[in-house]
1. Kindly report the accessible area of the stretch 1-127 per residue (heavy atoms of protein chains, probe 1.4 Å, no ligands, DNA or RNA), in Å².
2. Which loop chymotrypsin sites (Phe, Trp or Tyr not before Pro) in the stretch 39-117, with loop taken from DSSP, have no more than 13 other Cβ atoms within 10 angstrom of their Cβ?
3. About the Cα centre, and with charges only on the beta carbon of Lys, Arg (+1) and Asp, Glu (-1), how big is the dipole of the stretch 8-70? Nearest 20 debye, please.
4. With a cap of 14 neighbouring Cβ atoms within 10 Å, and only residues DSSP puts in a loop, list the GluC sites (Glu not before Pro) found in the stretch 1-81.
5. So, with a 1.4 angstrom probe, what is the percent of accessible area on the chain that is carbon and sulfur?
6. Residue 173: net charge of surrounding residues, Cβ under 9 Å, Lys/Arg +1, Asp/Glu -1, itself excluded?
7. What nm value, rounded to one decimal, do you get for the distance between residue 50 and residue 15 when each label is placed 7 Å out toward the C-beta?
8. Just flag the GluC sites (Glu not before Pro) in the stretch 162-234 sitting in loop per DSSP whose Cβ has no more than 14 other Cβ atoms within 10 Å.
Amino acid sequence: MHAPATPEPPPSASDALRTRRSVRAFLPTEVPRETIVAILELAARAPSGSNIQPWQVLVLTGAPLKTLTGELHALSLAGDPGAPDYTYYPQAWREPYLARRRKVGWDLYGALGIGRGDTGRMNAQHARNFLFFDAPVGLIFTIDRDMELGSWLDYGMFLENIMIAARAFGLDTCPQAAFNTYARVIARRLAMPDTQMLVCGMALGHADPTAPENTFVTEREPVEGFTRFVDSLA
């Protein structure tokens with residue numbers, strides 16, 4: 001087992017949770033392999049049903065990262081619709097989810113100075129997903145196709161652990177379902193077996209503090225908006 005380097009000073013769990021955000025512009029500063037391993041070792045402490053640990057991770061850096069992201073970026077700019085492995089969003093949007101989705105989109109575009117009718121710049125910004133937003137580390141997550149919904153629930157806890165553990169090393173992340181669009185291309189280029197499917201990607205690195213897209217903070221519902229304390233049964 002690799003001994004993780006201890007950050008100075010390590011943030012508290014509450015600080016790590018509060019400062020976790022989806023970063024969409026990264027510095028080119030390299031992340032040492034031992035740091036990546038340390039983050040994954042911490043993340044692997046996530047719970048899973050019967051401890052089956054359904055997660056599998058592909059780590060991209062250097063030339064393989066540059067080559068794959070260049071191909072995916074070009075496909076996105078060309079308008080290639082891809083062939084997703086699964087449906088991420090609901091088929092029909094409704095409130096309050098539609099309003100939340102629209103707000104985060106317009107807040108991002110507003111930070112970048114992109115107007116509502118500027119579809120060219122919107123598409124260009126979306127295509128940056130496939131560059132991992134220039135992060136020096138790109139993570140691709142896969143799961144065996146015969147796993148059921150419970151394992152996807154477990155997977156979410158593993159992904160969150162990565163994002164929180166990264167904060168302990170002064171790093172930021174961006175979880176990205178967008179990579180599902182080109183799941184088949186990614187599977188071929190990474191020699192994934194047919195028994196595995198792509199879950200998502202994640203950018204990992206040092207946030208660019210000067211990037212306007214990193215300045216806006218997404219809103220969260222207050223606890224009373226999603227919680228009901230049960231005082232009696234029906």
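The values are calculated or read from the model by the stated rules, or taken from the named source; none is laboratory data. Predicted model only: the values in this text are computed from it and were never measured. Cβ coordinates were reconstructed from backbone atoms using ideal geometry, including for glycine residues, and neighbour counts include every protein chain displayed. Ligands, DNA and RNA are stripped out before the accessible areas are found, and what is left, the full protein with its side chains, is counted by its heavy atoms. Shrake-Rupley method; radii C 1.70, N 1.55, O 1.52, S 1.80 Å.
1. Values: 8410 Å² over 127 residues.
On a per-residue basis, 66 Å².
2. Values: sites: 55, 86, 88, 93, 97, 106, 109; in loops: 55, 86, 88, 93.
Loop-located and lightly packed - 86, 88, 93.
3. On the way: 7 positive and 5 negative charges, 62 e Å.
Using only the charged Cβ atoms, the result is roughly 300 debye.
4. Numbers: sites: 30, 34, 41, 71; in loops: 30.
Answer by residue number: 30.
5. Values: 7690 of 13870 Å².
The computed percentage sits at 55.
6. Working: positive: 20, 21, 167; negative: 172.
Computed value for this residue: +2.
7. With each label placed 7 Å out from Cα toward Cβ, I get 4.1 nm.
8. Values: sites: 213, 219, 224; in loops: 219.
Listed in order of number, the matching sites are 219.
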